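Colleague: Right, I'll just put the structure down here and ask away after.
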Amino acid sequence: MDEHEDETGAAAGLGFAEDEAAVREGPARRRVAIAGASGLIGSALARSLRADGHTVVRLVRREARAEDEARWDPERGDVDTAALAGCDTVVNLAGAGIGDHRWTDAYKRTIRDSRVLGTAALADAVASLDQRPEVFVCGSAIGYYGDTGERAVDESAGPGEGFLPDVCVEWEDAAGAAAEAGVRTVFARTGLVVSRGGGAWGRLFPLFKAGLGGRIGNGRQYWSFIALHDHIAALRHLIDTPTLEGPFNLTAPEPETNREVTAAMGRVLRRPTPFPVPAPALRLALGEFAGDVLGSQRVVPRRLLDSGFRFAFPGAEEAIAAAARD
């Protein structure tokens, strides 16, 4: 299963404590351009950066209406390069929501094009600048690995088979112009982001709070999740560490099964979880996407851990409890 929210996602109310910003160490003030800045992850990243005194430029698809906005048109390959001038960091989190619509052929093209064309447009723009940014962080997803069953995979694993792995390969390849121009390029392969404010988990919270939650299918499939707080901290770590490039799995250290996650949701929210969702019903409701929901992805963040990053909420119950407090 793939979790990636962009400009179509709901912005979450992620609250970073004032003392957290005060103690976080980092480089000199940055100027950061973010595509997908109104989505779940993008809006949280922008708030985190601004809390530390960094400047954020939001790339929007409409006419710019604020001083911190700049227009881009990813489908046409148009980017306001003047707005990127002076940015030492460019972050691309744009892409149509994976689970927002049934996977018709047309919507599958939208999923693919919103990622591949947007990344290529930004990579070309970055490469064309006289003064290029230090780092280009590209959103990606653990959908890259496909269904891994019970096998744990890290960043050394190759792509799986199917629609989402194919999209992820094209998505990352589209950043080639920036890497070839000598810009440090990082791929953030995102797992299921635990948040009440958007993404797949944002749809789970109301169901479980109403006592309507339950395992999906047989519940034995692995879910590779990450707390929103940890995801933003990991992005900041990737931005601020000049030796890091290439793919990084943004998932908690120990994936848990859907059955375990379901039990954790019930404990945190103090609700029963009596309503399993049978696989045939899910396939009827979601069509082709159901295969990814029912699939198992046991993905571990080896390179992130090796780089010295430490998770604040490594377990599902901790991540859910943190999201419930936000």
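Colleague: Which condition does G42 not pass, out of (1) closer than 20 Å to L238 by Cα; (2) at pLDDT below 95; (3) not hydrophobic (A, V, I, L, M, F, W, C), if it passes all the others?
Modeller: (2) is the only condition that G42 fails.
Colleague: Right, next: Checking D105 against (1) surrounded by fewer than 23 Cβ atoms within 10 Å (Cβ to Cβ); (2) closer than 23 Å to V167 by Cα; (3) in contact (Cβ under 8 Å) with a residue 24 or more places away in the chain, which test does it fail?
Modeller: (3)
Colleague: Hey, another quick one. Out of curiosity, is G97 small (G, A, S) and either in a helix (DSSP H, G or I) or surrounded by fewer than 18 Cβ atoms within 10 Å (Cβ to Cβ) (or both)?
Modeller: The answer is no for G97.
Colleague: Filter region 76-94 down to residues that are open to solvent by 60 Å² or more (accessible area, probe 1.4 Å) and of a type outside the set (K, R), then give me how many there are.
Modeller: Final tally of qualifying residues: 3.
Colleague: Then there's this: Where the second residue is modelled with pLDDT of 90 or more and open to solvent by 50 Å² or more (accessible area, probe 1.4 Å) and the first is among the β-branched types (V, I, T) and lies in region 61-87, which pairs have Cβ atoms under 7 Å and are six or more apart or on separate chains?
Modeller: What qualifies is T81/S128.
Colleague: If I go through region 233-278 residue by residue, how many of them are free of Cβ contacts under 8 Å to residues at least 40 places away in the same chain and either of a type in the set (G, A, S) or in contact with a helix residue (DSSP H, G or I) (Cβ under 6 Å, 6 or more places away or on another chain) (or both)?
Modeller: Residues in region 233-278 being free of Cβ contacts under 8 Å to residues at least 40 places away in the same chain and either of a type in the set (G, A, S) or in contact with a helix residue (DSSP H, G or I) (Cβ under 6 Å, 6 or more places away or on another chain) (or both): 1 in total.
Colleague: Residues that are open to solvent by 10 Å² or more (accessible area, probe 1.4 Å) and either on the phi > 0 side of the Ramachandran plot or modelled with pLDDT of 95 or more (or both): find the helices (runs of 4 or more DSSP H) completely inside region 162-266 holding 1 or more of those.
Modeller: 163-173, 176-180, 228-240
Colleague: In addition: Do you know which residues across region 44-75 are within 18 Å of S114 (Cβ to Cβ) and open to solvent by less than 10 Å² (accessible area, probe 1.4 Å)?
Modeller: L59, W72, P74
Colleague: Just for region 291-310: of the residues that are assigned to a loop (DSSP other than H, G, I, E, B) and open to solvent by less than 30 Å² (accessible area, probe 1.4 Å), which one is farthest from P159 (Cα to Cα)?
Modeller: F309
Colleague: Is region 58-68 home to any residue that is modelled with pLDDT of 95 or more, over 17 Å from the mean Cα position of the chain (by Cα) and more than 19 Å from A125 (Cα to Cα)?
Modeller: No, that holds for no residue.
The values are calculated or read from the model by the stated rules, or taken from the named source; none is laboratory data. What you are looking at is a predicted structure, and each value in this text was computed from that prediction instead of being measured. Neighbour counts run over all protein chains shown; Cβ positions are idealised from the backbone, glycine included. Just the protein is used for accessible areas: all its heavy atoms, side chains included, with ligands, DNA and RNA removed. Shrake-Rupley method; radii C 1.70, N 1.55, O 1.52, S 1.80 Å.
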